[in-house]
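Written out below as structure tokens is the structure these notes cover.
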Amino acid sequence: MIEINFNNEELDACRKGANLRWQFARNSALARGLHMKDPERREGSTPDYLGIRGELAVAKAFDLPFDPFRGMGVDNGIDLFWNGVSIDVKATPYMNGKLLFKSVNKFVAELAILTIEVKEDLYRIPGWINKEGFKKNNGPFLSGVAVTQEDLKPPQELWEIMTNKRNKKI
């Protein structure tokens, strides 16, 4: 498991990005399809703030470019790219949270990475999975399908793959 801390400047950028995403979605009357049952976590831009910090955690952990204003209000299932490989970041506020999609077909990126909010300024990355692994291991959960953290590959394995690929290009 990898832990990532955020500084005040990063949190501020995430708050601004989350507020803009929420404003765009609200003004566009986009269906939100949120799975959180806690009214406090569903209100306003809070789910967007949870997700955008998850994206930042992955970007920091794997040294990927990050723009909190990318994809305003439009979720095409891809949050980040590494060397042409698409990545979807999923965030949860639950320590034993699962990597959840509405359906298997909503897993459009090549990889998905789960992030967990420990505190506002601290996230954990328990692991990642590719599309094929998700198709093999998912089960019904809430109103979608999910895999458990035990089904995920360790983040250090992905970091090693990325590092080895970077070093071979030099």
Original post:
Somewhere in region 73-83, is a residue out of contact with any Gly (no Cβ under 8 Å at 6 or more places or on another chain), farther than 23 Å from R15 by Cβ, in a strand (DSSP E or B) and free of Cβ contacts under 8 Å to residues at least 24 places away in the same chain?
Top reply: yes
Original post:
Out of (1) at pLDDT below 95; (2) of a type outside the set (D, E, K, R); (3) open to solvent by 80 Å² or more (accessible area, probe 1.4 Å), the odd one out for M95 is which?
Top reply: (1)
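It is to be established whether one or more residues within region 68-83 are touching a Cys at 6+ places or on another chain (Cβ under 8 Å), open to solvent by 10 Å² or more (accessible area, probe 1.4 Å) and closer than 17 Å to E120 by Cα. Walk me through it before giving the result.
Here is the first cut: in region 68-83, the residues touching a Cys at 6+ places or on another chain (Cβ under 8 Å) are 68.
With open to solvent by 10 Å² or more (accessible area, probe 1.4 Å) added as a condition, the list becomes 68.
Restricting the remaining residues to those that are closer than 17 Å to E120 by Cα gives 68.
Yes: one or more hits.
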Original post:
Given (1) under 30 Å from L20 (Cα atoms); (2) open to solvent by less than 10 Å² (accessible area, probe 1.4 Å), where does M162 come up short, assuming only one miss?
Top reply: (1)
Original post:
In region 139-155, how many residues are open to solvent by 40 Å² or more (accessible area, probe 1.4 Å), assigned to a strand (DSSP E or B) and more than 15 Å from T92 (Cα to Cα)?
Top reply: 2
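Residues checked against (1) in a helix (DSSP H, G or I); (2) modelled with pLDDT under 95; (3) within 13 Å of the chain's Cα centre (by Cα); (4) surrounded by 12 or more Cβ atoms within 10 Å (Cβ to Cβ):
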position: R26; (1), (2), (3), (4): yes, yes, no, yes
position: A29; (1), (2), (3), (4): no, yes, no, no
position: H35; (1), (2), (3), (4): no, yes, no, yes
position: E40; (1), (2), (3), (4): yes, yes, no, no
position: G44; (1), (2), (3), (4): no, yes, no, yes
position: K60; (1), (2), (3), (4): yes, no, yes, yes
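Can you go through L114, L64, L100 and tell me which one is part of a strand (DSSP E or B) and either among the β-branched types (V, I, T) or without any contact (Cβ under 8 Å) to a residue 60 or more places away in the chain (or both)?
Result: L114 is the single residue among L114, L64, L100 that is part of a strand (DSSP E or B) and either among the β-branched types (V, I, T) or without any contact (Cβ under 8 Å) to a residue 60 or more places away in the chain (or both).
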Original post:
Residues of region 84-94 being in a loop (DSSP other than H, G, I, E, B) and under 19 Å from G139 (Cα atoms), which ones?
Top reply: Y94
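The values are calculated or read from the model by the stated rules, or taken from the named source; none is laboratory data. The structure presented is a predicted model; accordingly, all values stated were derived computationally and were not measured. Here the Cβ is made from the backbone with ideal geometry for all residues, glycine too, and neighbour counts use every protein chain on show. Heavy atoms of the whole protein, side chains included, go into the accessibility calculation; ligands, DNA and RNA do not. Shrake-Rupley method; radii C 1.70, N 1.55, O 1.52, S 1.80 Å.
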